[in-house]
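For reference, the structure is listed below as structure tokens.
Just so it is clear, none of the values below were taken in a lab; they were calculated from the coordinates. In this text the structure is predicted, and so the values were computed from the model without any measurement. Note: ideal-geometry Cβ built from the backbone for every residue, glycine included; neighbour counts use all protein chains shown.
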Amino acid sequence: MLSTVRRYKALVSGALSRCFPRTTAYLKSEDDALFRRWPKAAETGAGKREATAKPGAPRRKGKKATAEKKAAADKPGGGRGARRSAGIYPSRALEVAPGQVAAMRERAAQAVQAGVICAPSDEQWRMILCDSPLTRIFAGAGSGKSTTLVLRVVFMLCHLQVPVERLTVISFTNASCAQLREQLIRVLAFWGVPFDEAQARQCVRTFHSAMAQLAREVLGEPSWFEQMDERAPGEPDNPLASARLRSAQQRLLKQVYQRLYRDDATFREQVGRVLGQAPVDAKAPMDTLRLAGEYQAKPLFEALHAQQEFCESIALDFATLDTQRLPGTPREQDFVAALARFREAFYATLESKGLTTFNRAFTALTERLAQGAVAAAPLQSFQHLLIDEFQDISPQIVRWLQALHRALAGSEAVSLMAIGDDWQSIYGWRGSSPELFIDFDRHFPRKGSAKSTVLKLETNYRSIEPVIRDAEALLDEVRLKQAKRSRAGRSMQPGDHGVKLVSGFDSRRQLPALIEEIQRQCTHVASRTGADRTAVLLLSRRNEPLQAIQGQLQAGLPVKAMTIHRAKGLQAEVAIIVDDCLPSEPHPLRNALYAASGFFGNSYDEAIADEGLRLAYVAVTRGVSRVLWYTGRVQGATRILQQRQVRT
């Protein structure tokens, strides 16, 4: 029998090698791999990957990365060709009676008349009244998703009679949560439902706040490494909102590194090879290290910690990671081996101080939930989940959500509504990926053959048509994306325009001219009917250009300056972007880690190249009626804009 299987496997392998050469990596594992992978072999080939790419878009090639990601597809995290797991969400629809829909529409009409809300559009009503227990909402920039989300919560609480203690809304940061709470309290008051600040805080949370609430019930009262140096630690915020280490965190990491270097000869040797110097004594070297693909050099202990957080965010299992078999140079293999020892020492130190990390708690809770070791009571608030900004979710949180709803699904009918926009996914450098939103049904399956209901909010109420079209042109070369096309819900006025590109900009010589242009735009906005409260939003990927410009601006101008990442969700009448769109360098270490996690169908380099274009899209769509882009060199996103302007 075994020889027959081997002969059959060889025949199939040969056929696939001739017809689908890129799929042969699937057949290089253990003997039973054929039977596990064969049902998906055809659909995980190049044809399926290219179905999501715009015809004619250039493809970035990389044979090594392709082999790595194919080999990862059958790992526990699940590459894009992984087998669909058992269903979590009910196959039947939620019970929504015609009378409940009519009552919601009637009360909403009264709220519109009273000026409490704006009248929902047809596409917004489809989200508000949806009867699916598993829903994906692709909500484009400026589509009014926050207000629509609030009305969905109102419908569930007031008309579907979902108990408030069984519903949780997840938003990205504490700031966005505060805005949602304020809206929810105001709208529920019009519906005649008493809903105070304390209830709003329980109902609307960040992922990390929701996790911390569960951790208090299950893991005791953990103190967080991420909140060291905070005078009065409050609800945990998303660490993506503040990526810099505080001084207390830096000191602790440095102590762990120095102690480990002193006590562990193997770690000393690994560090020596990574830094390219032989260990002289037990005193830890304080050299900085810039890994290939990183923007700047860091002290080694910070570099180790940064890659540790990335590994944990993509749900990489250190217990099964074989550093010697990890693709890459010997130096990169030594770095990962040193990282594993550093991580172990780091957590031992935290434990001795009564501390833990958000990542560690997510993992511990996921494991306990999977083991059935969590009582039902603390889980009840997660029965119905509505999650905003889902495009920035990470594999680690995917696993936590899976375990959470699987634990509940045995006794409760759970529901999940995920709202996001893969076009605005910009945190891949921290382990997030829009792939998890696009491949939603594989990670969050319904029972039986049913799949998630997919809805789209495609009307952009923020920006004029030329701004939208220029922004969407930036996405033409993005490989993996949901097909959609925004419609402008705002009319143009004389003088409005899309992106005007100013190339050859030298900030050292031409800064005075830029300052004059900002002042002219402020004057223009002041004379405009119905202008946005913020006249000009000054944007860049880095803080340094913004600081130089702010130092020359006249006090009192209605101008805000911030990085593109921090500006997501904001808008201004005029967006002025100062950025050279520097291309990202190849990051061989993260390519290898990406493949080893098993969650992704592309390489890290491919993901970050796509993300650079999505970041440009986010920047452009902050503008309401005008966008200006200053760049020294035309490359990346600005190359696409220049080509578009030449054609038109």
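Considering every pair of different Cα atoms, what Kirkwood radius, in Å, is found for region 273-399?
17.3
In a shell of Cβ-Cβ distance under 12 Å around residue 399, excluding residue 399 itself, what net charge do Lys and Arg (+1) and Asp and Glu (-1) give?
Around residue 399, the surrounding residues sum to -2.
Restricting attention to region 89-183, which GluC sites (Glu not before Pro) occupy a DSSP loop and are surrounded by at most 13 other Cβ atoms within 10 Å?
Passing both the DSSP loop test and the Cβ count: 95.
With the convex hull built on the Cα atoms of region 264-307, state its orientation-averaged projected area in nm².
Averaged projected hull area, Cα only: 3.2 nm².
With an 8 Å cut-off on Cα pairs and a minimum separation of 6 or more residues, tell me the relative contact order of the chain in percent.
About 20 percent, as a whole number.
Would you work out the charge dipole size for region 155-216 about its Cα centre, treating the Cβ of every Lys and Arg as +1 and the Cβ of every Asp and Glu as -1, and quote it to the nearest 20 debye?
140
Using a simple charge model, +1 on the beta-carbon of Lys and Arg, -1 on the beta-carbon of Asp and Glu, nothing else, what dipole does the chain show about its Cα centre, in debye to the nearest 20? All intermediate terms of the calculation are to be shown ahead of the outcome.
Numbers: 90 positive and 68 negative charges, 354 e Å.
About 1700 debye.
Of the cross-linked pairs 145/456; 145/484; 254/298; 254/283; 298/353; 145/481, which ones have a Cα-Cα span greater than 21 Å in the structure shown?
Values: 145/456 10 Å; 145/484 16 Å; 254/298 12 Å; 254/283 12 Å; 298/353 26 Å; 145/481 19 Å.
Violating the 21 Å Cα-Cα cut-off are 298/353.
If you take every residue apart from residue 571 with its C-beta less than 9 Å away from the C-beta of residue 571, what net charge results, scoring Lys and Arg +1 and Asp and Glu -1?
My count for the surroundings of residue 571 gives 0.
Could you tell me which residue out of 100, 592, 278 lies farthest along the dipole of the chain toward its positive end? Charges go on the beta carbon: Lys and Arg +1, Asp and Glu -1, centred on the Cα centre.
Of the candidates, 592 comes out farthest on the positive side.
From the residues 381, 398, 323, which one has its Cα farthest along the dipole of region 322-420 in the positive direction, the dipole being from +1 and -1 charges on Cβ of Lys/Arg and Asp/Glu about the Cα centre?
Checked the options; the winner is 323.
Let's see if you can work this out: charge +1 on each Lys and Arg Cβ, -1 on each Asp and Glu Cβ, no other charges. What is the dipole magnitude of region 95-191 about its Cα centre, in debye to the nearest 20?
Magnitude of the dipole: close to 160 debye.
Could you state the orientation-averaged shadow area of the convex hull built on the Cα atoms of region 511-626, in nm² to one decimal?
Projected over every direction and averaged, the Cα hull of region 511-626 covers 8.5 nm².
Principal axis extents for the chain, Cα atoms only, whole Å, descending order, please.
72, 66, 59
Net charge within 9 Å of residue 581 by Cβ-Cβ distance, Lys/Arg positive one each and Asp/Glu negative one each, not counting residue 581 itself?
+1
Please report Rg (one decimal) and Dmax (integer) in Å for the Cα set of region 366-466.
15.6, 55
Express the relative contact order of region 520-647 as a whole percentage, based on alpha carbon pairs under 8 Å and six or more residues apart in sequence.
29
Given the options 301, 87, 172, identify the residue whose Cα lies farthest towards the positive end of the charge dipole of the chain (+1 on Cβ of Lys, Arg; -1 on Cβ of Asp, Glu).
Going by the charge dipole, the pick is 87.
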